Structures are given as C-alpha cells and as structure tokens.
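The values are calculated or read from the model by the stated rules, or taken from the named source; none is laboratory data. Since we're looking at a predicted model, the values are computed, not measured. FYI the Cβ positions are ideal-geometry reconstructions off the backbone, even for glycines, and counts take in every protein chain you see.
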2 protein chains.
Amino acid sequence: MSLKLTILGFNSAIPKKKSAPTAQLLEIAGRNFLIDCGEGTQVQLRKAKAKFSKIHHIFISHLHGDHVFGLVGLISTLQLLGKETPLYIFGPKGIQDFIMNQLKHTQARCTFDIVFKELESKESVKVFEDDKVEVFTIPLDHRIYTNGYLFREKTKPRKLNIQAVGNYPEIEICDYENLKRGRDFELSNGEIIPNEALTLEPEKSFSYAFCSDTRYKPDIVPIIKDVDILYHEATFLSDLQEMAQYTGHSTAREAATIARDANAGKLILGHFSNRYKNTNVLLEEAQSVFENTIIPVQFGVYEPDHEILKLNS
Amino acid sequence: MSLKLTILGFNSAIPKKKSAPTAQLLEIAGRNFLIDCGEGTQVQLRKAKAKFSKIHHIFISHLHGDHVFGLVGLISTLQLLGKETPLYIFGPKGIQDFIMNQLKHTQARCTFDIVFKELESKESVKVFEDDKVEVFTIPLDHRIYTNGYLFREKTKPRKLNIQAVGNYPEIEICDYENLKRGRDFELSNGEIIPNEALTLEPEKSFSYAFCSDTRYKPDIVPIIKDVDILYHEATFLSDLQEMAQYTGHSTAREAATIARDANAGKLILGHFSNRYKNTNVLLEEAQSVFENTIIPVQFGVYEPDHEILKLNS
C-alpha cells in the first residue's frame, strides 16, 4: 500500500498523561511527511518507531501551541542526530520567525538548512510536488490563519502486459518506459499497436486530506473531492454548535457532512473536547451522516482499505 | 519536612521514550518552585500529580532546549486552566523575548501577568526573598550563560517552651511573637527573663542547590557551603574529562568533589551522557570521592533525610 497514516496524537488543547496533541506521520509514495507537531511529538515518533532520518518535510496547519510547540525540539534533536540534508517546513507566515527566534536564543548550531515555505494565501495552492506526489493547501476557518493539507499521489505509470508485449519481438526493453507512459507503439511495417493492447491500468493513486482546526467550511469539498482518507476535526457534538462556531471548531455532524459531500472513502475524527470522556457519542453522531467514520487510537496506523494495521508504542 | 524535591526528568540533550529532560519541582517552606522545564515537563508534572495552581515561580538555568523547550507549553496550559495570579520566571537575559515571541505568534490570550526576572550577572545574586525563603543564583560555566540556584530557608522562629512560659503569668499570648523572634522578656518588677529560658531552638532550616549544566567550577563551593541536598550534573566519567571540558560539562568525580568541598549533606547526580547505559559507573566514581551520592529515579521524591520517599507516575 502506498499510503499509510500513523496517528501520533489527536488531543485538543492540553497534552495529557496518556494522549498527545496533534501530530501525524503520513507515508505516501515512499515519502515521510510529518503533519503538525504538538509538544512531545518527537517522543511520539520514537514510540511509533519512526525513522527521524526519513523526515524531510513538515506541514504545520496553524500556530496554536497544541499543533506546533514540539517543532523546535524536533529540529534540535535532528541537529543533535547530525542531519545534513535540508528540512522543509510549510506553515503560516510567521513560522520562520517563531522557530528561528528560539534557535537564536538557544544558540543552536544548525547542521542543516531549514527551508521555510510560509503561507498566507486564502486560496488552495500547490506547495509541494515531485515525480510521485503533490501537496495542496486546504484553506480552513479557525481563530487564526490555518490550512489543512491534501496529499495526492500522481497517476502512476501503466503496467506492462508482458504477455502481450511478448507477441512483438520488435519491442525492446528501452521501449518499456514509453509504453508505461501511455504511448502507442509503431511497428517497422507502419502498423500502430495501441497502448491499451500492450499495457494494463496503473495501480490506484491514493490521497489523504488533513483538516484541523476549522469551523464547518463546505467550500473545501471540491478541493478534497473523492479523497481516500479524510481526517477532520470534530471538537464538539451538535448541541454545542454555537460553541463550535465561537471557538472556530466543527461538530461531529459537520465533519461527517464534509466527508459525505466530498465522497471520501473514510473519515477519521479527532481533536475532541476534553468534556467527552466517552468519544463514542461523537462517533455515533458522525456515523448517522457518514457511515465509514472511525475514532482513531494513538499510534494506530491507517490505510485506505484497513481500519487499523497495527498498534505501535 | 519543609524541603521536598521531585525529579521530573534528568536526561541530557534528547527526550526519550521513558525519560524526560531536566525539570524538578522543589517544595520548600510551603512554596512550589519549578526548576528548569524541558519539553514535556507539563506532562511530567501531571504524572507526578503536582498541582499546577501552586506553581507561581519558575527558575530556568539556561536557554538550551533540554532545559527550556517545555516552558511555553506550560504557560499556555496555565492560561487554558485560567490562572489569574502572576507567574514569575527567572532566567538568562533573552528569556522574555524567547517566550513572548512564541506567545505573540500563537496569539495566546494571557489571563495572567508574566513577570520576567532576566539575569546577566556573573556574580551570585539574590533573586527572590519572602518571609520564609531566599533564592540565590549560582553562576555556572557552560557553553551558554548559565546559573544554578540555591534555595535556602530562612532561620525559623524559635519555639515556645510552653512549660517555662507557664511559670510567668505575666506573659500573654500577644507576647509570643516577640519571644519566637528571640527577644527577652521584662517582668513588671524589672527582672529580665532571657529568651533562652523561655524558648527552644528553632527547627532546622534546609537548603537545596541545583547545578546544571556546568564545567567543574570550584568557586561555587562557598556559595553552596553546607547545603543539605546538592544536585550536580555529571555528564561524563573522568576518562572523558577533556570532552567534559570541551562541551561545558562535569565528570562524576568533579561533581563529587564539589559536594565534598561544600560539605553537602547529600549529592544527587544527573544529566548523564546517553553513552552510559548503566549509570552505576558514574555513581561508583562519585562515591569514591563523596559517599552520600545517589542516582535519582524519575518521579523520585527526595528529602534531606530520606533517599526516596515515594515514586509517583
């Protein structure tokens, strides 16, 4: 599977003895992306047996402490571990000063470049792209400037139909790349063999959308349409919708409505208010709108087709 | 007992799965002082069942991450918990900008005043005093400006010798305070009853010295003379004395030499290099110089006369 999400923490506001603030590790198309970084995230990464050396990109949704207070500590640890390659940090305008001022005061000796990509657009923009994956912002509506992120695998190469290709001795190994890219093949007698006769459909490309923290914001639906996994905050039940509006958060019903309207494959809820000792009430409210909803567990690993792969820690 | 030290963490450099960076909670003369505040300290305080509402004074030794990265998160949590009284933070010059810049970017709504006492003196200075306790800096020698802190109970009031006082019907309850302060009593016939005849010695006043991080610095000995408990970092064994010198740390032998020369009651070591899987080697090296040395345990509670009171967590 080319997409794997590890929930490192999904607490709101205050770190607890047994549950951490927001942080997630997304493995997609061979890349490791860290999403949000509340206090203690580096320890959560250790408990999840994540490899620090694979983390080169960090995406921060907004500059509230429960989403970012662990970032400077993680950077310091990467320095102590001798990281040499650049670290790319995506986040709201101000994040560079927020981090660099701390590193200045702690007289950190930086062993690697930190490349900040500061965001201020209120539209969805592409912030990262390589040959396999693209990342877009999802503008959210919180008390402070906030973006979710959409991680999307690019269309994968078509797969060679080895049996069909074998029927044409003229096709050589050096032609395979063009076939995978969808090109037809012209025989020396001028006959055109259509690509569909030589290749099979590519493997499915997966996508993941992270949306926290935000008021109900239906205009994100087109951005995340058909996403395989949607994480959407659900701080309150519907009876506290006014409170959700006031504090810049969503209800479970609203999160599920976004998932339903976006035709998401799966909805993961999180960022629950501490008032809910039993979060099943939030799950039930969401499932009344969107059946395939789950409440994550800390260190749970999620794939598009599996509920929980394994529990680290 | 009027002095109780809870070790919340004593790791060097990098937070680990099961052991936290430097932070200690000192209860002395009814006050709760937090000393250093590495990442995750607020969770360590919860695990130690400490009352956040009792913390009004925080003493930071230096601005390296493993001693201060948890401070902004703790402040934010105190805000969310609705603290209203001032929080006093003692630390190196720059700590105010270090913290306030983070609070500015996170748009924290401060429910209480934060009063910074920024330090830059290279001499020992008194930084806090009330009717029961005094706190002095202990100038240390690290790679960055660093102070340890000496916490000292003031001499306690003398205790009334109720039996002796009962022999003089002229002495009234309103006279007791003067007697406790050491004054003699004059009878109406002009006779002077010396204080020693009416009162007993006061209870012992205790003291605690925190010294981390530092190179061997014998000129701190007069400052901490006769301290009841000394915490002194011991990052290395003596065979790495050059490394200790280079990185601004002490060996176990050096820590013990300070304890011996200061006539300390007890020495607690900490801040060990990660290379020592078994810290007994550090303990043995120190004990060859100063017998009453201990290696703390996380959440261990220490009093002058007890090794470990209880283990929280």
| When you go through B:PHE151, B:PHE136, B:PHE112 one by one, which is the residue that is among the aromatic types (Phe, Trp, Tyr) and touching a helix residue (DSSP H, G or I) at 6+ places or on another chain (Cβ under 8 Å)? | B:PHE112
| Is it fair to say B:PRO92 is farther than 19 Å from A:GLN107 by Cβ, modelled with pLDDT of 95 or more and in the same structural domain as B:CYS211 (by TED's automatic domain parsing)? | no
| said: Checking the structure you have, find out if any residue of region A:136-156 is aromatic (Phe, Trp, Tyr), more than 14 Å from chain B (Cβ to nearest Cβ) and free of Cβ contacts under 8 Å to residues at least 40 places away in the same chain. | reply: no
| field | Condition broken by B:GLY190, with the remaining ones in (1) in the same structural domain as B:ILE223 (by TED's automatic domain parsing); (2) small (Gly, Ala, Ser); (3) surrounded by fewer than 16 Cβ atoms within 10 Å (Cβ to Cβ) satisfied | value | (1)
| field | Qualifying positions in region B:134-159 - in contact with a Ser or Thr (Cβ under 9 Å, 6 or more places away or on another chain) and under 24 Å from B:PRO86 (Cα atoms) | value | B:PHE136, B:THR137, B:ASN147, B:GLY148, B:TYR149, B:LEU150, B:PHE151, B:ARG152, B:GLU153, B:LYS154
| request: For A:SER2, work out the one condition from (1) away from every other protein chain (no Cβ under 13 Å); (2) among the hydroxyl-bearing types (Ser, Thr, Tyr); (3) under 26 Å from B:ASN11 (Cβ atoms) it doesn't fulfil. | output: (3)
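Residue-wise test of (1) more than 11 Å from chain A (Cβ to nearest Cβ); (2) buried (at least 23 other Cβ atoms within 10 Å of the Cβ).
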| site | (1), (2) |
| --- | --- |
| B:GLY40 | no, yes |
| B:VAL43 | no, yes |
| B:LYS49 | no, no |
| B:ILE55 | yes, no |
| B:HIS62 | no, yes |
| B:GLY65 | no, yes |
| request: Considering every residue within region B:117-124, establish whether at least one is within 20 Å of the chain's Cα centre (by Cα), surrounded by 15 or more Cβ atoms within 10 Å (Cβ to Cβ) and facing chain A (nearest Cβ under 10 Å). | output: no
| task | Go through region B:14-24 residue by residue and tally those that are closer than 18 Å to B:GLU233 by Cβ and either of a type in the set (A, V, I, L, M) or more than 8 Å from chain A (Cβ to nearest Cβ) (or both). | result | 7
| query | Can you pull out the residues in region B:73-111 that are assigned to a loop (DSSP other than H, G, I, E, B), surrounded by 14 or more Cβ atoms within 10 Å (Cβ to Cβ) and of a type in the set (A, V, I, L, M)? | reply | B:ALA108
| said: Take the conditions more than 14 Å from chain B (Cβ to nearest Cβ) and surrounded by 14 or more Cβ atoms within 10 Å (Cβ to Cβ) and apply them to A:ILE114. Does it pass? | reply: yes
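Condition check: in the same structural domain as B:LEU81 (by TED's automatic domain parsing), closer than 30 Å to B:THR77 by Cα, under 16 Å from the mean Cα position of the chain (by Cα) and of a type in the set (Val, Ile, Thr). Does B:THR137 satisfy that?
Yes.
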| So which residues in region B:224-240 are buried (at least 19 other Cβ atoms within 10 Å of the Cβ) and farther than 17 Å from B:HIS62 by Cα? | B:ILE224, B:VAL227, B:ASP228, B:ILE229, B:LEU230, B:PHE236, B:LEU237
| note | In region A:161-210, anything outside any helix (DSSP H, G or I) and in contact with a Gly (Cβ under 6 Å, 6 or more places away or on another chain) is listed as A:PHE210
